[in-house]
Amino acid sequence: MTRGLNFKEREVLRVIVERYTENGQRSNSFYVAEKLPFRMSPSSVRQIMASLEAKGYLSPPSGKGRIPTELALKIYIDSLLKVKPWRTHKENIKLDVKENLEELIKEITKALSQKSQNLSLLVSPSFFYVPFSQINFIRVQENTILVVLRTLRGLILTKTIMVDRDYSQEKLNRISEIINLNFKGKTLKEAVDIVETGFQRGGKLLREIILKMRKFMEEREVYVEGETLIIDKLKGNIEKIKGVLKIFEEKKEILRFLSTLELGHEIQVIWGEEMPFSYGKDCVFLLYPYLPKGVIAVFGPKHMSYSKSLAALDSFGEYLKNAIYSRGGVP
């Protein structure tokens, strides 16, 4: 798990880290001696603990034992992310998949919180980059159109847009036909690029509608579940609980924070001191960027069960990515 440590030091540290990440408890020398895969006296364990403290891996002793430092936790998680042993425990997801995309997203957010036993967060992706199979426009009232987009997997997303003129349902049906005939299987970005390079059919109406769609398709929603779980995890610290809950109530702040991160295509870990929220300092974010600008995440205390949380996050993130995007790669 760590470099610069001998076998016995690594095993002692492993026992302490695993207990802490499972239930937040400290470990004393008697507990560690019982859990080691080889025989060692508590006095010998204490000597190793002192060595680990000097090297920055353990906290100073208290009456109840020791806990790993953030350095030890970072190295532990880094080893999990490299070796990925938790993938052997990935969830066998069986959701009642609905056609309504928003309902599916809500269901996944709730299920992730239940599986990880932490607070879960899901940011919807930019549907500007998601290929569609069909788009229909319905006149709701004057200058107001309901857009019904169906993904290649049959999921339906609905949004309302305002247009500069009032158009008849007949004209809107004609625009739907043009878009579905010429852009089916493409992303809205590809459709916009084609229209802006001189696509003639549909005229000004097509151009206006497709550019309006671009705006709302780039808007992202934030879904949060598990507030009661995080209250229990933070052990009754009222001020900290209020502060953390406020972070997730102010969803614009979450989006602003996530926009500052350079997210790739792998699970990433954001530690408390890396967050701009003072009440998140003792917590950790596990993030999975499943589609462009779309993020699914687990948020909880640093003593969370990382193997369980990583397995759940990877499972639901992959499930959601496959449910929304099915054309063989993310742009």
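The values are calculated or read from the model by the stated rules, or taken from the named source; none is laboratory data. All of these numbers come straight from a predicted model, not from anything done at the bench. All Cβ positions, glycine included, derive from the backbone under ideal geometry; neighbour counts span all protein chains shown.
State the number of residues belonging to the range 188-239 that are of a type in the set (Gly, Ala, Ser) and in contact (Cβ under 8 Å) with a residue 24 or more places away in the chain.
2
Scan the helices (runs of 4 or more DSSP H) fully inside the range 24-114 and keep the ones with 3 or more residues being among the charged types (D, E, K, R).
Of the helices (runs of 4 or more DSSP H) lying wholly inside the range 24-114, those with at least 3 residues that are among the charged types (D, E, K, R) span 70-83.
Here's a check for you: in the range 157-201, which residue that is touching a helix residue (DSSP H, G or I) at 6+ places or on another chain (Cβ under 6 Å) and part of a strand (DSSP E or B) is surrounded by the most Cβ atoms within 10 Å (Cβ to Cβ)?
It comes out as LEU157.
Answer yes or no: is there a residue in the range 233-240 that is outside any strand (DSSP E or B) and at pLDDT 80 or above.
no
Looking at (1) modelled with pLDDT of 80 or more; (2) over 15 Å from the mean Cα position of the chain (by Cα), find the lone condition where TRP271 falls short.
Only one criterion is unmet by TRP271, namely (2).
Restricting the search to the range 42-61, which residues are touching a Lys or Arg at 6+ places or on another chain (Cβ under 7 Å) and hydroxyl-bearing (Ser, Thr, Tyr)?
SER59, the sole residue that qualifies.
Here is a yes/no grid of residues against (1) within 24 Å of LYS321 (Cα to Cα); (2) surrounded by 17 or more Cβ atoms within 10 Å (Cβ to Cβ); (3) out of contact with any Asp or Glu (no Cβ under 9 Å at 6 or more places or on another chain); (4) at pLDDT 90 or above:
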position	(1), (2), (3), (4)
GLY56	no, no, yes, yes
PRO61	no, no, no, no
ARG66	no, yes, no, yes
ILE108	yes, yes, yes, yes
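Go through the residues of the range 122-137 one by one and say whether even a single one is under 30 Å from GLU22 (Cβ atoms), surrounded by fewer than 17 Cβ atoms within 10 Å (Cβ to Cβ) and modelled with pLDDT of 90 or more.
Within the range 122-137 (the criterion being under 30 Å from GLU22 (Cβ atoms), surrounded by fewer than 17 Cβ atoms within 10 Å (Cβ to Cβ) and modelled with pLDDT of 90 or more), the answer is no, since none of the residues qualifies.
Could you tell me whether any residue of the range 298-306 is touching a residue at least 24 places away in the same chain (Cβ under 8 Å), closer than 26 Å to LEU157 by Cα and in contact with a Leu (Cβ under 7 Å, 6 or more places away or on another chain)?
Yes, the conditions are met somewhere in the range 298-306.
Taking the condition buried (at least 19 other Cβ atoms within 10 Å of the Cβ), part of a helix (DSSP H, G or I) and not basic (Lys, Arg), does TYR20 pass?
Considered against the rule, which asks whether it is buried (at least 19 other Cβ atoms within 10 Å of the Cβ), part of a helix (DSSP H, G or I) and not basic (Lys, Arg), TYR20 comes out as yes.
Within the range 214-229, is even one residue of a type in the set (D, E, K, R), closer than 26 Å to PHE128 by Cα and at pLDDT 90 or above?
The answer is yes, given that some residue of the range 214-229 is of a type in the set (D, E, K, R), closer than 26 Å to PHE128 by Cα and at pLDDT 90 or above.
Output the number of the condition that GLU266 fails; it satisfies all remaining conditions of (1) within 12 Å of the chain's Cα centre (by Cα); (2) over 28 Å from GLU22 (Cβ atoms); (3) surrounded by fewer than 18 Cβ atoms within 10 Å (Cβ to Cβ).
With (1) within 12 Å of the chain's Cα centre (by Cα); (2) over 28 Å from GLU22 (Cβ atoms); (3) surrounded by fewer than 18 Cβ atoms within 10 Å (Cβ to Cβ) applied to GLU266, the lone miss is (2).
Can we say GLU18 is of a type outside the set (Phe, Trp, Tyr) and under 23 Å from VAL269 (Cβ atoms)?
Yes; evaluated as a whole, the condition is true for this residue.
Looking at this structure, is LYS35 under 24 Å from MET304 (Cβ atoms) and at pLDDT below 90?
No: the conditions fail for LYS35.
From the list SER133, SER120, which residue is touching a Ser or Thr at 6+ places or on another chain (Cβ under 9 Å), in the same structural domain as VAL163 (by TED's automatic domain parsing), among the hydroxyl-bearing types (Ser, Thr, Tyr) and part of a strand (DSSP E or B)?
Testing whether each residue is touching a Ser or Thr at 6+ places or on another chain (Cβ under 9 Å), in the same structural domain as VAL163 (by TED's automatic domain parsing), among the hydroxyl-bearing types (Ser, Thr, Tyr) and part of a strand (DSSP E or B) leaves just SER133.
Within the range 237-279, how many residues are of a type in the set (Phe, Trp, Tyr) and out of contact with any helix residue (DSSP H, G or I) (no Cβ under 6 Å at 6 or more places or on another chain)?
Going through the range 237-279 one residue at a time, the tally reaches 3.
Within the range 205-227, is there a residue that is among the charged types (D, E, K, R), touching a strand residue (DSSP E or B) at 6+ places or on another chain (Cβ under 9 Å), buried (at least 18 other Cβ atoms within 10 Å of the Cβ) and assigned to a helix (DSSP H, G or I)?
Scanning the range 205-227 turns up no residue that is among the charged types (D, E, K, R), touching a strand residue (DSSP E or B) at 6+ places or on another chain (Cβ under 9 Å), buried (at least 18 other Cβ atoms within 10 Å of the Cβ) and assigned to a helix (DSSP H, G or I).
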